[in-house]
């Protein structure tokens with residue numbers, strides 16, 4: 001039976017969390033209204049420029065010119081909704097974001113020429129999924145296998161060695177590996193290209209195109225996997241070892257069950273929830289790509305787009321990516337909570 | 001089953017007894033000593049001039065570290081600077097015409113297997129009329145050529161001999177005079193014997209190639225009206241290796257950047273990690289200890305903070321306001337008041353709070369503040385310190401990643417900035433390994449030290465995870 005009341009409360013809390021987080025993002029991404037001021041002065045500048053180049057306009061008397069200029073500027077600012085104070089607009093932005101009406105980008109365009117934020121994001125999303133979601137799946141699997149292997153002989157050579165590797169690589173971010181690997185494997189060894197998505201010019205044959213993309217994807221994929229699997233293996237190992245210390249495992253061992261059976265029935269099952277949570281959240285975050293790694297590899301995914309959007313103060317794109325990630329995140333968390341409340345008797349009883 | 005030791009002192013002692021803890025402490029002490037020395041004895045002048053191209057003009061561009069030439073045995077050229085006082089000055093006057101000539105003459109032994117990366121003549125001329133400058137270049141084999149001839153006004157001149165148009169045309173006419181191919185580069189002509197130039201297979205001429213060894217000789221002569229004529233010259237033969245860590249594309253000594261980056265990196269990482277860990281710990285403890293409203297509020301804020309896109313917001317703020325590293329620090333702290341440490345501390349305090357000794361404290365009337373700060377917090381502090389050790393490298397890398405995206409501190413040379421400039425300058429594309437690997441290895445070294453420290457903490461605090 002589902003603990004409906006508990007889940008309803010959690011849903012409400014998660015909803016409030018998304019609203020507040022989105023609002024904070026709206027305010028910061030718009031620099032507390034500063035970007036609107038920049039936009040307004042940009043409009044003023046453009047209109048003044050275009051009018052002063054108009055010969056018919058310069059023949060008009062001074063006061064008429066002045067009036068006409070002001071009129072056009074106010075109209076343009078009104079048309080963009082910039083005449084309202086930021087505090088009001090911030091709530092309009094918030095509601096738009098929460099209802100996923102992502103609107104138009106201020107500066108950037110999609111390759112197809114669209115200004116819709118949704119189009120721009122959707123155009124990049126496949127690139128990010130192809131690289132980072134694949135990499136996340138790969139490193140999660142490798143990590144789980146190695147992590148379980150480490151628990152075979154805790155404190156043994158392999159365990160200690162992998163733990164040390166995990167601890168050291170764990171503090172080094174993937175983009176750092178990216179730079180070093182580029183230097184070694186792309187520059188000195190020349191096994192891989194120096195970044196990018198396809199060769200220039202891109203091959204026209206679809207099969208060759210796919211192969212070319214794979215060739216460009218290889219090094220980022222390897223980098224991301226190598227950078228992240230050791231630490232993940234260490235986390236898996238610790239979760240499993242923690243379960244090994246539980247009383248019910250000791251009892252199972254005392255009953256004389258085979259090691260294999262103890263592992264399968266009494267250790268792995270209760271270890272699954274935290275491992276699944278970790279993998280699920282990593283998968284959600286993988287959709288956001290990796291801002292810096294994508295910049296380093298020149299990979300046209302969501303992270304690269306985010307960086308581009310920030311550096312051209314294109315707030316709608318930043319807000320769009322954030323709100324989508326936030327939704328995905330809380331929905332995942334919520335689904336997991338439902339799952340666990342069904343699967344884990346302890347949670348069911350406690351509530 | 002062994003349990004975790006309690007008491008900060010005991011834990012620190014145990015951490016120091018592990019091998020990884022010892023290695024970590026040694027590395028950190030060296031870096032800390034280095035930072036303090038730089039902080040105390042270093043001159044601010046270097047940092048002020050970090051972005052001034054003129055300050056670094058006497059260094060070669062993109063030179064590898066000096067030790068690299070020992071390792072490879074390539075005997076790559078080092079920088080030779082012939083200062084104004086290394087020039088012998090002779091003055092002659094023609095009483096009939098009123099013309100005077102200053103001759104500046106210097107010599108140097110050159111024994112490297114490669115030509116200098118650049119040869120720069122710095123000239124200061126003071127005269128009432130225009131003066132004629134000539135530069136003659138005599139090689140150890142006795143051959144002599146005129147490298148430069150130009151008529152200039154008063155002022156200071158920087159002549160890059162390899163690329164200067166007058167030099168190139170002088171060299172061309174010299175080459176056609178000796179019937180050699182006119183396409184040989186200036187540097188090759190300057191440092192090869194005339195015979196090898198003629199044969200079409202130029203070979204570098206070292207001072208020791210002739211017996212007895214003879215130097216190169218350079219004569220700069222300046223002729224003008226004798227009234228108020230004075231001149232001085234400096235000749236820079238920039239090498240292909242430089243210092244301990246080489247130079248970047250703006251001729252800056254990377255080692256100086258690394259030295260000055262160390263205190264900044266440590267201060268930034270340590271301050272951020274300490275403040276954030278402690279604030280999060282205290283908030284988590286408050287939430288668990290007081291419960292109800294306070295717990296609810298802190299929990300909600302923590303959830304919000306965990307959903308906030310930390311890096312995007314930080315980059316946005318930094319991009320718009322372009323602040324110094326210390327303002328970045330404040331922003332980072334503000335964006336991390338709540339976080340995962342709040343959550344883990346909260347769950348830990350929830351357990352500790354139920355223990356009998358707390359009950360005892362309540363029963364003898366200890367105040368709430370006393371219980372929280374003196375009885376509960378010390379129990380969770382070791383975990384906070386473990387968190388500090390793992391957070392320091394992540395904040396050092398955060399600074400580096402901001403620099404890499406071009407939104408770091410605009411002035412200070414930080415480790416991240418060095419890596420960013422190397423990356424933008426195409427170090428990975430052209431293989432200037434020292435430019436990127438040396439600052440990187442410093443960051444890795446420091447991170448490794450903190451990671452090892454964290455490993456020892458983890459080992460001691462979670463003994464259950466180590467059991468056979």
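The values are calculated or read from the model by the stated rules, or taken from the named source; none is laboratory data. Note that this is a predicted model, so its numbers are computed, not measured. Because the Cβ atoms are built from the backbone with ideal geometry, glycine has one as well, and the counts that use them run over all protein chains shown.
Points to keep in mind about this one:
- One residue from B:223, B:181, B:173 being more than 39 Å from the chain's Cα centre (by Cα), closer than 30 Å to residue B:91 by Cβ and not in a strand (DSSP E or B): B:173
- The one condition in (1) more than 14 Å from chain A (Cβ to nearest Cβ); (2) farther than 30 Å from residue B:268 by Cα that residue B:372 fails to fulfil: (2)
- Members of the range B:142-166 that are without any contact (Cβ under 8 Å) to a residue 24 or more places away in the chain and touching a helix residue (DSSP H, G or I) at 6+ places or on another chain (Cβ under 8 Å): B:149, B:150, B:163
- Filter result (in contact (Cβ under 8 Å) with a residue 12 or more places away in the chain, out of contact with any helix residue (DSSP H, G or I) (no Cβ under 6 Å at 6 or more places or on another chain) and outside any helix (DSSP H, G or I)) within the range B:185-213: B:185, B:191, B:192, B:193, B:200, B:204, B:205, B:206, B:210
- Residue match in the range B:321-333 (condition: under 33 Å from the mean Cα position of the chain (by Cα), within 17 Å of residue A:314 (Cβ to Cβ), buried (at least 17 other Cβ atoms within 10 Å of the Cβ) and more than 8 Å from chain A (Cβ to nearest Cβ)): no
- Residue selected from the range A:284-308 under the condition at the interface with chain B (Cβ under 9 Å from one of its Cβ atoms) and assigned to a helix (DSSP H, G or I), by the criterion surrounded by the most Cβ atoms within 10 Å (Cβ to Cβ): A:306
- Restricting the range B:296-313 to residues that are more than 9 Å from chain A (Cβ to nearest Cβ) and crowded, with 17+ Cβ neighbours inside 10 Å, the residue that is farthest from residue B:411 (Cα to Cα): B:298
- Evaluation of residue A:212 against (1) assigned to a helix (DSSP H, G or I); (2) under 21 Å from residue A:289 (Cα atoms); (3) within 14 Å of another protein chain (Cβ to nearest Cβ); (4) over 21 Å from the mean Cα position of the chain (by Cα) (one fails), failing number: (3)
- On the stretch given as the range A:186-204, residues that are at positive phi and surrounded by 17 or more Cβ atoms within 10 Å (Cβ to Cβ) total 1.
- Verdict on residue A:339 being part of a helix (DSSP H, G or I) and within 22 Å of residue A:219 (Cα to Cα): no
- The one condition from (1) surrounded by 14 or more Cβ atoms within 10 Å (Cβ to Cβ); (2) over 30 Å from residue B:335 (Cβ atoms) that residue A:82 does not meet is (2).
- Number of the exception - residue A:183 against (1) surrounded by fewer than 20 Cβ atoms within 10 Å (Cβ to Cβ); (2) over 25 Å from residue A:287 (Cα atoms): (1)
- If you filter the range B:102-121 down to residues that are surrounded by fewer than 19 Cβ atoms within 10 Å (Cβ to Cβ) and in contact with a strand residue (DSSP E or B) (Cβ under 8 Å, 6 or more places away or on another chain), you find that the one that is farthest from residue B:223 (Cα to Cα) is B:113.
- Residue match in the range B:442-455 (condition: closer than 22 Å to residue A:295 by Cβ and within 7 Å of chain A (Cβ to nearest Cβ)): yes
Conditions (1) surrounded by 13 or more Cβ atoms within 10 Å (Cβ to Cβ); (2) touching a strand residue (DSSP E or B) at 6+ places or on another chain (Cβ under 8 Å); (3) within 12 Å of chain B (Cβ to nearest Cβ); (4) assigned to a helix (DSSP H, G or I), marked per residue:
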| residue | (1), (2), (3), (4) |
| --- | --- |
| A:12 | no, no, yes, yes |
| A:22 | yes, no, yes, yes |
| A:25 | yes, no, yes, yes |
| A:28 | yes, no, yes, yes |
| A:32 | yes, no, yes, yes |
| A:35 | yes, no, yes, yes |
| A:45 | no, no, no, yes |
| A:51 | yes, no, no, yes |
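- With a requirement of 3 or more residues that are within 19 Å of the chain's Cα centre (by Cα), the helices (runs of 4 or more DSSP H) lying completely within the range A:92-177 that satisfy it span A:117-128, A:134-152.
- Only one of the listed residues (B:389, B:414, B:340) is closer than 25 Å to residue B:449 by Cβ and away from chain A (no Cβ under 14 Å). That residue is B:414.
- Filtered residue count, the range A:309-337, keeping only those that are over 25 Å from residue A:173 (Cβ atoms) and within 8 Å of another protein chain (Cβ to nearest Cβ): 2
- Residue within the range B:389-409 that is under 17 Å from the mean Cα position of the chain (by Cα) and surrounded by fewer than 20 Cβ atoms within 10 Å (Cβ to Cβ) present: yes
- Some residue of the range A:98-119 being out of contact with any strand residue (DSSP E or B) (no Cβ under 8 Å at 6 or more places or on another chain) and surrounded by 21 or more Cβ atoms within 10 Å (Cβ to Cβ): no
- Residue satisfying all of: in the range B:426-441; at pLDDT below 85 and surrounded by fewer than 21 Cβ atoms within 10 Å (Cβ to Cβ); farthest from the other protein chains (Cβ to nearest Cβ) among these: B:426
- Among the candidates B:430, B:375, the residue that is touching a helix residue (DSSP H, G or I) at 6+ places or on another chain (Cβ under 6 Å), over 30 Å from residue B:320 (Cα atoms) and without any contact (Cβ under 8 Å) to a residue 40 or more places away in the chain is uniquely B:375.
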